[in-house]
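Notes follow once the structure below has been shown.
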Amino acid sequence: MFSKIAIGFGLIIMVVAGGIYYLSQNAGKIVESMIEEQGSHVMKVDVQLDAVELNFPDLKASIRGLTVANPEGFQTERAISLGEISVKMAKDWPSDLIVIEEVMINAPEITYEIGSGGSNIATIQKNVEDFMKAISSQKKKSGIGLPSNEKDQSKGPKIIINDFYLKNG
């Protein structure tokens, strides 16, 4: 009886360890897929990435080769291209404060184009705002995630960014 319990417990540990290993090895690909899928959905334009790197022990993440296409009706191929974005979090911070050690944006290219209905950037921004309004109204209808009063709406952790670098723009 004890050996069957030990074998079952051992199998559970192996499955959990295998799952953790799989996630640690493929987390970048999973995040890349989610950014491309959700970014394209929210902005209503094609969003592509070359790579996502996550370094959990150092609390560092980087995104390489981010491109955001132009909305329909604009001449240029893309609105935004970023060579790399990296963020390094501080190891320790209090619960009401998030400390980011470093944010680095390398090789940003933003094409601001005016069309018949306004600019490409304004169109993308409107798409994001429309999405956020739709999400907000869904939450109001379902009552999910709503603060109990106005005072609670302003609460949340403060964010401190120690170093911000914009390179090769």
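The values are calculated or read from the model by the stated rules, or taken from the named source; none is laboratory data. No experiment lies behind these values; they were computed from the predicted model shown. All Cβ positions, even for glycine, are placed from backbone atoms using ideal geometry, and neighbour counts span all protein chains on display. Note: areas computed on protein heavy atoms with side chains; ligands, DNA, RNA excluded. Shrake-Rupley method; radii C 1.70, N 1.55, O 1.52, S 1.80 Å.
Laid out as a table, the results:
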item	result
Residue count for the range 46-62, restricted to those that are open to solvent by 60 Å² or more (accessible area, probe 1.4 Å) and more than 19 Å from GLU101 (Cβ to Cβ)	3
Selection within the range 53-81 - part of a loop (DSSP other than H, G, I, E, B), at negative phi and in contact (Cβ under 8 Å) with a residue 24 or more places away in the chain	PHE56, ASP58, ASN70, PRO71, PHE74, GLN75, THR76
Boolean, GLU84 is modelled with pLDDT of 90 or more and either surrounded by fewer than 17 Cβ atoms within 10 Å (Cβ to Cβ) or not in a strand (DSSP E or B) (or both)	no
Filtered residues of the range 92-101 (kept if in a strand (DSSP E or B) and either open to solvent by 70 Å² or more (accessible area, probe 1.4 Å) or within 23 Å of ALA51 (Cα to Cα) (or both))	ILE100, GLU101
Unmet requirement for PHE131, which otherwise passes all of (1) modelled with pLDDT of 85 or more; (2) in contact with a strand residue (DSSP E or B) (Cβ under 7 Å, 6 or more places away or on another chain)	(2)
Selected residue (only one of MET14, MET104, MET89, MET43 is open to solvent by 60 Å² or more (accessible area, probe 1.4 Å) and either on the phi > 0 side of the Ramachandran plot or not acidic (Asp, Glu) (or both))	MET14
Matching entry among LYS29, LYS91 (being modelled with pLDDT under 95, touching a Leu at 6+ places or on another chain (Cβ under 7 Å), more than 25 Å from GLU129 (Cβ to Cβ) and not small (Gly, Ala, Ser))	LYS91
